[in-house]
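The values are calculated or read from the model by the stated rules, or taken from the named source; none is laboratory data. Everything numeric here is computed off the predicted structure, so don't read it as measured data. Neighbour counts are summed over all protein chains in view; Cβ atoms, including those assigned to glycine, are modelled from backbone coordinates with ideal geometry.
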Amino acid sequence: RRIGWKSTGYREKRGNGERRNPACCPGMAYSRTQSGQEMRDQINGLRSAHSQMETEIASLKEKWGLLAKGDAHCPLCETELGVEGRQRLEAKYRHEIQSMSEALNANQKQIEKNQREYLALARGIEDGETRLKREMATAHSRIAAVEKDLNQAQLAQNSLSAEQDKLLNMERRLA
């Protein structure tokens, strides 16, 4: 079975719109990371399809070049092609090359678009992580300050209790 750009499902996969935009939920770092992985996988799939299309175009150009030499045979039955048969095959190859070249260009544009989206997502994740680290540092500072105040309050409470006990003992002695 021949594997080419038609049998890879490229056209069905391209632009299916199932990708989620995690920018609406800035607190969802996990879903952003997951979307980033999905986007990387999609880019890799597009690159693979791109490579297959380039290989198939090169193969078609090679076949077309053989036809141009004039001594052409049918690719199925190996009988010599006449002028009309050669022209028909040349037209077929030319059409397939043009179709694949258009699909290759569309694929390249999709790769570039996805890479831009991926970089924007990665920057968003990085910015979110930086902001989160900053907020965590602030929260830790606040916790430390509250713990310090709590310790001071406990010390003051202990000191107050000790002084109240002393006062109570003095009042008993005076009474």
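Considering only the stretch 63-84, state which residues are modelled with pLDDT under 80 and either over 46 Å from the mean Cα position of the chain (by Cα) or closer than 22 Å to Ser48 by Cβ (or both). Selection gives Lys69, Gly70, Asp71, Ala72, His73, Cys77, Glu78, Thr79, Glu80, Leu81, Gly82, Val83. Just checking, which of Ile125, Ile111 is at pLDDT below 90, surrounded by 10 or more Cβ atoms within 10 Å (Cβ to Cβ) and either of a type outside the set (Gly, Ala, Ser) or over 21 Å from Ser35 (Cα atoms) (or both)? From the options Ile125, Ile111, the qualifying one is Ile125. The lone criterion from (1) over 19 Å from Gln110 (Cα atoms); (2) surrounded by 14 or more Cβ atoms within 10 Å (Cβ to Cβ); (3) at pLDDT below 50 left unmet by Ile3 is number (2).
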